[in-house]
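So the structure is just underneath, and the comments pick up after that.
Nothing in this text is a laboratory measurement; each read-out follows from the coordinates by a stated rule. Quick caveat, the model's predicted, so the values are computed rather than measured. Don't worry about glycine lacking a Cβ; one is built from the backbone with ideal geometry, like all the others, and counts go over all protein chains shown.
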Amino acid sequence: MKHNYDLHSHSTVSDGVLSPAALVRRALEKGVDVLALTDHDEVAGFRPAAEEAAKRGLGLLAGVEVSVSWRKQTVHIVGLDVDPDHTGLSQGLAGLREYRHWRGEEIGRRLEKAGVMGAYAGALAQCKGDLLTRTHYGRFLLEAGVVDQLQGAFKHYLLRGKPGYVPGKWASLEQAVGWINAAGGVAVVAHPARYGMTRTRLRSLFGEFLEQGGAGLEVVSSSHNSNEIHTMAQHALDLGLAASRGSDFHDPGCRWVELGRLPPLPNKCEPIWERLNIPTEQSQRS
């Protein structure tokens, strides 16, 4: 029996709109059998999500999306099936969150200097957890009428060269993969086609990732079109990396990204879940 795996999602613990428990309920409503909660640089949402998942019969993996600086570019590494209480992982993520707090304040200062008054307070009002992100600023800019769509907030205010841009100073690739592996998880490059890298640069990233102990690529993502899925599947095959599948769900109001609504992995790929510890009884709904 094939199961519907969605191994990339976010809750209010980072920049998602739904609480961890509400995320679990929506995953079930949308036909997901196994969900990974992968908040940015934080694992605090796993416990409440796990309580809800246990009551409702959803397979749930503890995960995290680690922010990484690689050759002056930010990339994301998803950790799947990690021990959320692992000391090394917890300490590493705590350092990233400390930087995130400073960065969140600095984005607000820069936007207000550019004439967007009340930016910091407005973004905080959008933030239901402790982790202030660019997405919260984007939602504030949208709600305040400064932009007419969320993508416009990034394009005109938050990306490199724009008034609210603050360069990321994140974990190294070695650190991120090391934390994940030490915590008993497997490391996956998140939405690799989204980074706008050339084929040569992507292969360099994947090669270094593999050397550090990385396990897989997120081949199927809401960010990827059919050609990109095929390309990423071929990269995974060439390098002996497993393939993951994740929506990167944040917001039920975003019509083009939904939990579990994804194409299947290409047949030739090795599914990442074959390397994960998912008990049979937890990967089926009762």
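Mind listing whichever residues of segment 183-208 are closer than 16 Å to VAL78 by Cβ and out of contact with any strand residue (DSSP E or B) (no Cβ under 9 Å at 6 or more places or on another chain)?
GLY184, the sole residue that qualifies.
Kindly check whether there is at least one residue in segment 71-89 that is surrounded by fewer than 20 Cβ atoms within 10 Å (Cβ to Cβ), of a type in the set (Gly, Ala, Ser) and outside any strand (DSSP E or B).
yes
Looking only at segment 129-146, which residues are surrounded by 17 or more Cβ atoms within 10 Å (Cβ to Cβ) and not polar (S, T, N, Q)? Spell out how you get there, then give the answer.
We begin by selecting, within segment 129-146, every residue surrounded by 17 or more Cβ atoms within 10 Å (Cβ to Cβ); these are 129, 131-142, 146.
Those that are surrounded by 17 or more Cβ atoms within 10 Å (Cβ to Cβ) and not polar (S, T, N, Q): GLY129, LEU131, LEU132, ARG134, HIS136, TYR137, GLY138, ARG139, PHE140, LEU141, LEU142, VAL146.
Taking ARG47, is it among the basic types (Lys, Arg) and under 26 Å from ALA176 (Cβ atoms)?
Judged against the criteria, ARG47 is a match.
Residues to consider are GLN126, GLN149; find the one that is under 26 Å from ARG110 (Cβ atoms) and either of a type in the set (D, E, K, R) or surrounded by fewer than 17 Cβ atoms within 10 Å (Cβ to Cβ) (or both).
GLN149
Just checking, which of SER222, SER226, SER172, SER204 is over 16 Å from the mean Cα position of the chain (by Cα) and surrounded by 14 or more Cβ atoms within 10 Å (Cβ to Cβ)?
SER204
Considering each of LEU35, LEU28, LEU23 in turn, give the residue that is surrounded by 23 or more Cβ atoms within 10 Å (Cβ to Cβ) and assigned to a helix (DSSP H, G or I).
Answer to the selection: LEU23.
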